[in-house]
Amino acid sequence: MNVPSATLLGQAILSGIFIGALYAVLGLGLSLAWGLLGQINLAHFAFAFLGAYLTYQLATVGGLDPLFTLALIAPAFFALGVAMQWLFTRFRVSPLNSLLVTFGLTVIVETLIQAIWTADFRRLESGYADVRLRIGTLFVPLPELLTLGIAIALSLSVWAVLRYTDVGRSMRAAAEDAPIAAAFGVNERLLAYVLSGVCAMLAGAAGLCLALSQTLAPAQIYAWIGVIFAVVMMGGPGRALGPLAAGIVIGVSEAVTMAVTAPAWAPVVSFTLLILLLLLRPGKT
Amino acid sequence: MIRTVVALVVVAAALAMVPLAGLPPFYETFLYLVFHWIVLATSWNILSGYSGYLSFGHGAFFGAGVYATATLAAHYEVPFLWTLPVAAAVAAVLSLVIGLVVFRVRRVRGEIFALLTLAVTFVLATIILNTPIDGGPGVYLSAVPLPQIGPNASSTFYLLALALAFATVLIAYLVCGARLGRGLFAIHDDEDVAEVMGVPTYRFKLAAFALSCALAGIAGGIHALFVSYVTVGETFSITVPLSVVLMSILGGTRHWAGPAVGAAVITALMYAFTASDYAIAGKAIVGLVLVLVILFMPRGILGRRRDRTAPAAPHAEPATSRRENEVPSARAEPAVRADAPAILEIFDLAKAFAGVQALSNVTFSVRDGEVLGLLGPNGSGKSTLINVVSGHYRPDAGRILYRGIDVAGAPGHRIARAGIARTYQIPRPFSQMTVRDNVATAAMFGGATLSRSAAEREATRWLEFARLGDKAGALPDELNLHQRKFLELARALAFRPRLVLLDEVLSGLNPSEIDSAVELVRDIRAQGATIVLVEHVMRAVMALCDRIVVLDHGEVIAEGAPAEAMRSPAVVTAYLGAPAHA
């Protein structure tokens, strides 16, 4: 173990916040689907990567600005989410079986990606990666900063919608007790379609963030599952600000561990933290 | 049961002959993989499928076995076969350490358990990666000598995996039919109820976890030598936990053979396509098959059929004649002498929830053979009292003497075994067991602890007694409220209790249903059980109770003969408010 300099430590914390923001964007849609729709949606990861590849394609071949691609991807993904919800409603899929169905969808999407873009690594070369910002002695990469901005904006807006609007209140009511909510005039089926569409849009947004800062490969879909589930659970499924808070906690603890010890030790700290939190957290769930 | 075991032995023996046929090694290697996944999926199902504690950490225990064998065989030159028991032990001890902590926390159920076990996998993988156990480059086992079991290497692995798969499926089958399996199924449906019905939930979960993980550990040990080069990345990948869940659910988690069927199907599909020229399309087809199977067979391949073949009630006799034979003194009102000994004595009992004093200084006793009414306005602490006596909550202070022994704070199943049964105000049947199995489970774990067949006979008897004889093969969902309440009573009775705590059995029933329920309570008493009756229906209280105890705000405010106690000023105030002129 070595004690790093203040700059190194600061840089580690900063990169932890950035990776945490990426965790948050990926986890947000998963968390909402889990907490409010009772679905454990593995396909969320596949959709995010599909979104990332689409961003890559539109930006590299189509020459669009990566941020602008979201305007095209988001509506398409909303439709995708609605279609998936139709499948879930039509067959009344239980939460446990949703895991299986969406795993099957993940495999299908993975092979689709592999067929179109091959199994090789792809990297989006955008103008954003060249911009170099500095705050004091700290180096701030622009793609990661954008991810952080997107994470904060999305989390706060979802939080505000759930908390302060009638639609949000209805969604929370329907999640708690669908028949009672329906008796109070909540159209929970329609809400579920909207919510599922929004979750898929969030996957599209996560895809943009992935494309901005990560190297893409079809097999990478599975690499994120463990840590993102940890983030969602730690934040509490269905809670809009949960993934952001938990993502940053896990991201920073990983980054600091990497700086202080060897990079390979990083998962121990974050997951031990998670285990302790799950065991010792007072109150419900 | 014997027939199934014999069938399993015959199938395994036939498969053991395969190496003699001299097939190309390709077939044996493929079948090795099938058996390998059968072991992993079936072992996972023993805890997670039966009890509903979904583990996403099966890869950790598999990996513990892989590295136990790899370390011993490669670094210490221990003969390969000797490393397998160690692999099993390492995995089992690891699971016990986790279980000892995790299963104590009542909150850790469902997805929390799934996530905890997943997190354990990552922690374990990181530790192995960073310590000399692996250290990063992986462990080579190519120099480890392979025992000569079959004619060549591939048939040796084939036979090892076959033997383990046979043992695992046999164990899963035996557990399924045994007390352990029945207890695990009860935990799956409602763990709190299972505990107060006498199922030692904590020990059962630990036993199932250790058994499940030991088998996964052996599979890991064999697989280490099979792949001959082990790395942390491959061993602890998400593939193992995800695959075993998929295979088990595909096959059906409530059936002992379900995971084996699912494992065979998925392994065959994967292999068929990855080996062909259309590997990518094949993978997509596997995904599609999975989606379609789950959509159209949500209970798994073996799940649906099993529910259909629920056996009809054996020897169902006319209810009336049987009842009269058995309870001749049903109408008799045995008078309880005032000097009858106390069966339950409660002293200074206190319980608070986050500052709300639900019970304080509660002191009273229940005499052997009496019907004691427990009354009080809503929120006065009646249900809390029952929950404390039955062991669901631990009291903050006070003593509960049951037949002279202090049971305050004892685990629910101990209290249950000592002879205290309870019912729930809102019936809580085991939703995926038939009505008969619900009652038989109580008989198996209650005061009498009967064998399964005796328990089923006993269950049939009590179902007749509770006028549910014709519903024995139904699932609880198919019963109406009245029948579900009677199912609660039948379950409490099959227990052979000395003391029954009845929590508002009459609420929500119509007047004629109340009459038949009152009759049933009388019958229960005639069986010799002491009854504590929590009730709001005054007509029933007056008809049934020898004495009553009235609670208000967690304190005893009156005690005595029903009519007198209800007239006491404190009771009148509690129910109607203080008199205007006071």
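Can you pull out every residue in region B:450-474 that is outside any helix (DSSP H, G or I) and without any contact (Cβ under 8 Å) to a residue 60 or more places away in the chain?
To start, the set of residues in region B:450-474 that are outside any helix (DSSP H, G or I) comprises B:450-451, B:466-468, B:472-474.
Matches in region B:450-474: B:L450, B:S451, B:A466, B:L468, B:A474.
Taking the residues in region B:344-381 that are surrounded by 22 or more Cβ atoms within 10 Å (Cβ to Cβ) and among the β-branched types (V, I, T) as candidates, determine which candidate is farthest from B:H536 (Cα to Cα). Ranking the qualifying residues of region B:344-381, first place goes to B:I346. Count of region B:485-518 residues, restricted to those that are in contact with a Gly (Cβ under 7 Å, 6 or more places away or on another chain) and over 14 Å from B:V534 (Cα atoms), is 5.
Within region A:243-268, being more than 9 Å from chain B (Cβ to nearest Cβ) and either modelled with pLDDT under 75 or over 18 Å from the mean Cα position of the chain (by Cα) (or both) holds for A:S253, A:A255, A:V256, A:T257, A:M258, A:A259, A:V260, A:P263. Summed over region A:163-190, residues that are crowded, with 17+ Cβ neighbours inside 10 Å and either more than 30 Å from A:A71 (Cβ to Cβ) or modelled with pLDDT of 90 or more (or both) total 3. Exactly one residue out of B:L129, B:L100 is in a helix (DSSP H, G or I), touching a residue at least 24 places away in the same chain (Cβ under 8 Å), within 14 Å of chain A (Cβ to nearest Cβ) and surrounded by fewer than 17 Cβ atoms within 10 Å (Cβ to Cβ), and it is B:L100.
Among the conditions (1) within 14 Å of another protein chain (Cβ to nearest Cβ); (2) modelled with pLDDT under 85, B:V291 misses just one, which is (2). Note on region B:294-303: residues that are part of a helix (DSSP H, G or I), at the interface with chain A (Cβ under 7 Å from one of its Cβ atoms) and not β-branched (V, I, T) total 1.
Give the residue, chosen from A:T215, A:T272, that is at the interface with another protein chain (Cβ under 10 Å from one of its Cβ atoms) and not aromatic (F, W, Y).
Working: A:T215 fails: at the interface with another protein chain (Cβ under 10 Å from one of its Cβ atoms).
That would be A:T272, the only listed residue that is at the interface with another protein chain (Cβ under 10 Å from one of its Cβ atoms) and not aromatic (F, W, Y).
Screening the candidates A:A119, A:A115 for the property of being within 14 Å of chain B (Cβ to nearest Cβ), farther than 30 Å from A:A6 by Cα, aliphatic (A, V, I, L, M) and more than 24 Å from the chain's Cα centre (by Cα) yields one hit, A:A115.
Looking across region B:227-260, the residues that are farther than 17 Å from B:G52 by Cβ, away from every other protein chain (no Cβ under 14 Å) and either within 23 Å of the chain's Cα centre (by Cα) or surrounded by 21 or more Cβ atoms within 10 Å (Cβ to Cβ) (or both) come down to B:V230, B:T235, B:A257, B:A260.
When region B:497-518 is examined, which residues are found to be touching a residue at least 40 places away in the same chain (Cβ under 8 Å) and not in a strand (DSSP E or B)? Across region B:497-518, the qualifying residues are B:P497, B:R498, B:E504, B:V505, B:S507, B:S516.
Tell me, yes or no, whether region A:89-97 has at least one residue that is under 14 Å from A:L124 (Cβ atoms), without any contact (Cβ under 8 Å) to a residue 12 or more places away in the chain, surrounded by fewer than 19 Cβ atoms within 10 Å (Cβ to Cβ) and out of contact with any helix residue (DSSP H, G or I) (no Cβ under 7 Å at 6 or more places or on another chain).
The answer is no; no qualifying residue exists.
Inspect all residues belonging to region B:560-568 and state whether any of them is of a type in the set (S, T, Y), at pLDDT below 85 and over 29 Å from B:P341 (Cα atoms). Working first, answer last.
Step one: of region B:560-568, the residues of a type in the set (S, T, Y) are B:568.
Narrowing the set further to residues that are at pLDDT below 85 leaves B:568.
Add one more test, that the residue is over 29 Å from B:P341 (Cα atoms), and what stays is none.
No.
Cβ-Cβ distances below 6 Å connect the following pairs, each with a first residue in region A:218-242 that is in contact (Cβ under 8 Å) with a residue 60 or more places away in the chain and more than 9 Å from chain B (Cβ to nearest Cβ), a second residue that is not hydroxyl-bearing (S, T, Y) and not in a helix (DSSP H, G or I), and a separation of six or more residues or different chains: A:P218/A:A119; A:G242/A:G236.
Within region B:444-484, can you find the residues that are touching a Phe, Trp or Tyr at 6+ places or on another chain (Cβ under 7 Å), buried (at least 23 other Cβ atoms within 10 Å of the Cβ) and within 23 Å of B:G412 (Cα to Cα)? Across region B:444-484, the qualifying residue is only B:G446.
The values are calculated or read from the model by the stated rules, or taken from the named source; none is laboratory data. Please read these numbers as outputs of a predicted model, since none were measured by experiment. Virtual Cβ from ideal backbone geometry, glycine too; neighbours counted across all protein chains shown.
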